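Written out below as structure tokens is the structure these notes cover.
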Amino acid sequence: MTDKVLITQKIYDGAVCLLDEAGLPHHYNDSDETLAPEALRALVAEATALVCLLPNRIDTAVLDAAPHLKIIANVAVGYDNIDVTAATERGIVVTNTPDVLTETTADLAFALLLAIARRVVEADAYMRAGQYTRFELFPEMLGVDVYGKTLGIVGLGRIGTAVARRGALGFGMKVIYTANNRKEAAEETLGAQRVTFPELLAESDFISINVPLTPQTRHLFTLAEFRQMKPSAFIINTARGPIIKEADLVAALAQGLIRGAALDVFEEEPLMHPGLAQFRDRLIVTPHIGSASVETRQNMSLLAVRNVLAVLSGERPLTPVNRVQ
Ligand code: DGY
């Protein structure tokens, strides 16, 4: 069967050009509309390669409808939208886009951290509303210092380490972390200290979530964990929404268990829990833009397409997440 690539959503057009150059036929949904599951199942029937994004759930129903598929190239580092076990059983390679987005995502995590600490979004709204009428030493919107505080990183992987570097080297922060294994390099260069999860909860002034979504990390943060945090602490989530039980975050903010939160990801994207909207000064929300810089989204698209080109020409994928015989 002739190879055919299905691209489910708009990506960088320059990456699609690589398919043209390779003479690979493709169906490119460049409409900005997410393909409905039925449309995805219909289109994938002819595909030998699938380039997909987070809104596409690649479950067994999709895989059953895709008898010719050789590769699923996710344009994201996270791949919780794909049933990797089922794909592996069917001999389908799954790839992601690590590394190219590490620094960009860490930039956003830090931007959110600074913005929630210093009330930047709220201050912008105040200014635009014409409320700045005179300078005061103790204005309503006093923030808190970031410099010298304790930054707790949940998951000191690639992005977590990049966040830690910003905190330790840029802002003189003490970095503590949880991870499955000790991270000697970060301990040596950043002075990072590995602690238990309860210790991280109790000691951090800012917690940055940087773990993937797995059955173990789903609802890692519930009311019980918020209760163990300092009432002055902030939580920043640029990883995956369901790691925080959003209804419990609403309760934690309402009860003053923590000071604030900055979220780029949500439990039921693209929605956020309606209870969050009431927190104007103690919450910042952004629409899953962790890796959303022009350069990085281009590089993610290129990497996904290069994975497709490698697999369709019988070579090893560049960034596989499974091993297929
Ligand atoms: C990722 O790469 O997993 C991001 O969340 C999407 O940009």
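When Phe221, Phe226, Phe197, Phe266 are checked against the criterion of being among the aromatic types (Phe, Trp, Tyr) and more than 18 Å from Leu283 (Cβ to Cβ), a single residue qualifies: Phe197. When Leu303, Leu263, Leu213 are checked against the criterion of being within 13 Å of the ligand (Cβ to nearest atom), under 17 Å from Arg119 (Cβ atoms) and of a type in the set (A, V, I, L, M), a single residue qualifies: Leu263. Among all positions in the stretch 173-184, there is at least one residue which is surrounded by 12 or more Cβ atoms within 10 Å (Cβ to Cβ), more than 30 Å from Thr319 (Cβ to Cβ) and of a type in the set (A, V, I, L, M, F, W, C). In the condition set (1) in contact (Cβ under 8 Å) with a residue 24 or more places away in the chain; (2) not assigned by TED's automatic domain parsing to the domain that holds Ile11, Ile82 is compliant with all but (2). Consider the stretch 216-239 and keep the residues that are away from the ligand (no atom under 16 Å from the Cβ) and closer than 23 Å to Thr104 by Cβ. The one that is surrounded by the most Cβ atoms within 10 Å (Cβ to Cβ) is Ile235. Where strands (runs of 3 or more DSSP E) fall entirely within the stretch 20-107, those with at least 1 residues that are within 16 Å of the ligand (Cβ to nearest atom) and not aromatic (Phe, Trp, Tyr) are at 49-52, 71-74, 93-95.
The set of residues in the stretch 1-15 being among the aliphatic types (A, V, I, L, M) and surrounded by 20 or more Cβ atoms within 10 Å (Cβ to Cβ) consists of Val5, Leu6, Ile7, Ile11, Ala15. Considering the conditions (1) of a type outside the set (S, T, N, Q); (2) surrounded by 14 or more Cβ atoms within 10 Å (Cβ to Cβ); (3) more than 28 Å from Glu295 (Cα to Cα), Asp80 is excluded by exactly one of them, (3).
Any chance the stretch 267-283 includes a residue that's within 16 Å of the ligand (Cβ to nearest atom) and under 22 Å from Pro231 (Cα atoms)? Taking every residue of the stretch 267-283 in turn, none turns out to be within 16 Å of the ligand (Cβ to nearest atom) and under 22 Å from Pro231 (Cα atoms).
Scanning the stretch 185-215 for residues being surrounded by fewer than 14 Cβ atoms within 10 Å (Cβ to Cβ) and among the acidic types (Asp, Glu) gives a total of 1. Remark: pairs (first residue in the stretch 261-290, within 12 Å of Asn237 (Cα to Cα); second residue among the small types (Gly, Ala, Ser); Cβ separation under 6 Å; 6+ apart in sequence or on different chains) = Asp264/Gly290; Val265/Gly241; Phe266/Gly241; Glu267/Gly241; Leu283/Ala261; Ile284/Ala115; Ile284/Ala262.
The values are calculated or read from the model by the stated rules, or taken from the named source; none is laboratory data. Small disclaimer: the values here were computed from a predicted structure and weren't measured. Cβ atoms come from the backbone with ideal geometry, glycine included; neighbour counts cover every protein chain shown.
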